[in-house]
Amino acid sequence: MRLSTLLTQVPLACASQLDPTLGSTLNVTVLGARHNRSTLECWALQPGFETSTQPGTSGSSVLDLGAVQGNASFTAIPAEFDGGRHNAPALQWVVFLSGLAHITLPNSTAEAWIEGGKNGAILALDTADVSALGHYTVYPSKERTVALEVPLGKDGVPGHRVLHGGACQGDELLD
Ligand SMILES: *[C@@H]1O[C@H](CO)[C@@H](O)[C@H](O)[C@H]1NC(C)=O
Ligand SMILES: *[C@@H]1O[C@H](CO)[C@@H](O)[C@H](O)[C@H]1NC(C)=O
Ligand SMILES: *[C@@H]1O[C@H](CO)[C@@H](O)[C@H](O)[C@H]1NC(C)=O
Ligand SMILES: *[C@@H]1O[C@H](CO)[C@@H](O)[C@H](O)[C@H]1NC(C)=O
């Protein structure tokens, strides 16, 4: 078959099949809090992927990240930076676009390694009113870590099912 024929038979724009390698939903690592301590959990966002009807992405998989509010920000963190111990400043999405974040909890062996890229979104919910000690973050990468912070609106914590304690990993992430 000639290439030109193939191209006319397989239109690029109108694929209406959901991507079968995508899984049913996005799983995200969550820095939460319980009993005044920060926690790490893996959440499966609900209701999960749906089929976009928006012009430009129609037929693609799309997932609602919940209501956001206020100013989003873009942070460029130098290579090999130590962010120290801190609380989430507000309930927010942190979307790592590049680099690497290593999150640990005081008085705990729990840890999360978040690589910048398609699996770079986490929820940071351990504000000072719910977690006395917060968490530690270091950025051990030799490249800059770049992140978007997007504050959640009122009732902005998205629907979810808790998969387990600890960070999401392996099969739970996009490949
Ligand atoms: C998220 O986790 C669920 C439950 O383990 C799994 O079915 C799904 O495929 C995962 N999503 C991705 C993108 O791996
Ligand atoms: C958002 O940014 C604008 C412009 O810098 C500023 O006036 C406003 O106070 C900010 N809003 C919040 C909620 O930080
Ligand atoms: C718990 O962590 C805090 C902050 O790192 C530290 O000051 C404290 O000594 C730790 N407590 C125990 C029992 O390890
Ligand atoms: C959390 O712990 C801090 C420090 O021990 C304490 O001051 C605060 O009242 C506690 N908060 C809650 C909600 O228990």
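In nanometres, what is the gap between the two model label sites at Lys154 and Gln46, each 7 Å from Cα along Cα-to-Cβ?
Calculated label separation equals 2.4 nm.
Hey, what's the range 3-168 come to in accessible area per residue, 1.4 Å probe, Å²?
57
Once a ≥ b ≥ c are taken as the square roots of the eigenvalues of the Cα gyration tensor of the chain, is the result rounded (a/c under 1.5), prolate (a/b larger than b/c) or oblate (a/b not larger than b/c)?
Here the chain falls in the prolate category.
Dipole of the chain, Cα-centred, from +1 at each Lys and Arg C-beta and -1 at each Asp and Glu C-beta, to the nearest 20 debye?
Rounded to the nearest 20 debye, it is 140 debye.
Using a 10 angstrom cutoff on alpha carbons, build the Gaussian network for the chain and name the most mobile of Gln54, Gln46, Gln69.
Most flexible of the set in this elastic network: Gln54.
How much of the DSSP beta bridge set in the chain is antiparallel, as a percent to the nearest 5?
Taking every DSSP beta bridge within the chain, about 95 percent pair in antiparallel fashion.
Efficiency by 1/(1 + (r/R0)^6): what FRET value for Ala67 and His35, r their Cβ-Cβ distance, R0 = 30 Å, to the nearest 0.05?
Working from the Cβ atoms, E equals 0.65.
The values are calculated or read from the model by the stated rules, or taken from the named source; none is laboratory data. Bear in mind the structure is a predicted one, so any value in this text is a computation, not a measurement. Here Cβ is always computed from backbone atoms with ideal geometry, including for glycine, and neighbour counts include all displayed protein chains. Heads up: the accessible areas ignore ligands, DNA and RNA and are worked out on the full protein's heavy atoms, side chains in. Shrake-Rupley method; radii C 1.70, N 1.55, O 1.52, S 1.80 Å.
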